[in-house]
Amino acid sequence: MKYLIFSLFFLVLGRATGQTWTDAEMLERQNYGLKLGFNISSMWGGELQNPRPYVGPSAGFFWHTKETKKPIMFQTGIEGNMRGGNFANKNADFPGGGNSNYRRIGLITADVPLLINYRIGPKKEGKTRVVQMGAVVSGTIRSTVYLGDDKLPAQHFLDSTSHLYKWGNLPLKPVEVLGLIGYQERGSAAGWQIQLQVGINNLNDVKRENGNIIPFMPYAYPSTGTGKRISTWNLKVSALF
């Protein structure tokens, strides 16, 4: 449907300007599109214990500057992601058992990548290959912790008057900046990319009371009152259309 709309638009434009573009020429001029993929992500730093990868979907829109003889292009866009981390924390580790061990933290984020694309080699079979370097500004829309082997949201176990019960959000800083390196290959109609993103800033919004650190998750085990770092990493694979 998207390419049908593009075809109609460029057909009208070509008629209006007296030009006739082939499908290949039309798509060659398209420097934006959609991306769909998945993230393999987790969390790192000293605050959270026994992190493991989490797999979630990703979708968005991308745009890059026109290709020229120069090898450098700028690329940006906006993406929605489900990221976070699983944690190998067992009930047996908690005195008395129960569902207090945290097993997953889920994040829903809106991300804006700011990238430099460096073209490597000439086009082959109409495909442009680039390496990518830059940063991603990631805003957290929703953050939730899941407890116990059944991975139930923390709201099931909290007092109904608490902030977490009402909203499900964790005391994380709302914006993370991630460094990025990647590879992208794009032809006239489609392509793909792979990116590694690593958090630069600390998301742990440390608060103190009477000089003591308030635990990040006072209702969960293992304890999270160290005030140490919380950051994310993310390996993303996407198809480009």
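The values are calculated or read from the model by the stated rules, or taken from the named source; none is laboratory data. Note that the structure is a prediction, hence the values are computed from the model and not measured. For neighbour counting, all protein chains shown are included, and Cβ atoms are generated from backbone atoms with ideal geometry for every residue, glycine included.
Which residues, counting only those in region 201-232, are basic (Lys, Arg) and within 25 Å of Asn91 (Cβ to Cβ)? Matches in region 201-232: Lys228 only. With respect to Glu67, is the statement that it is surrounded by 13 or more Cβ atoms within 10 Å (Cβ to Cβ), within 22 Å of Asn169 (Cβ to Cβ) and among the charged types (D, E, K, R) true? Considered against the rule, which asks whether it is surrounded by 13 or more Cβ atoms within 10 Å (Cβ to Cβ), within 22 Å of Asn169 (Cβ to Cβ) and among the charged types (D, E, K, R), Glu67 comes out as no. Restricted to region 64-83, and to residues there that are at pLDDT below 95 and assigned to a strand (DSSP E or B), the residue that is farthest from Leu147 (Cα to Cα) is Ile72. In the set (1) in a loop (DSSP other than H, G, I, E, B); (2) within 23 Å of Ser41 (Cα to Cα); (3) touching a Pro at 6+ places or on another chain (Cβ under 7 Å), the condition left unmet by Gly225 is number (2). Where residues in region 155-198 are assigned to a loop (DSSP other than H, G, I, E, B) and modelled with pLDDT under 70, which of them is nearest to the chain's Cα centre (by Cα)? Going through the qualifying residues, I end up with Gly168. The residues in region 101-154 that are buried (at least 16 other Cβ atoms within 10 Å of the Cβ) and outside any strand (DSSP E or B) can be counted, and the count is 2. Filtered by the rule that a residue be free of Cβ contacts under 8 Å to residues at least 60 places away in the same chain and among the small types (Gly, Ala, Ser), region 183-216 gives Ala190, Gly211. Taken residue by residue, region 45-55 has no member that is at pLDDT below 85, of a type in the set (D, E, K, R) and part of a loop (DSSP other than H, G, I, E, B). Can you find a residue in region 142-153 that is in the same structural domain as Gly199 (by TED's automatic domain parsing), within 22 Å of the chain's Cα centre (by Cα), modelled with pLDDT of 95 or more and among the aliphatic types (A, V, I, L, M)? No, that holds for no residue.
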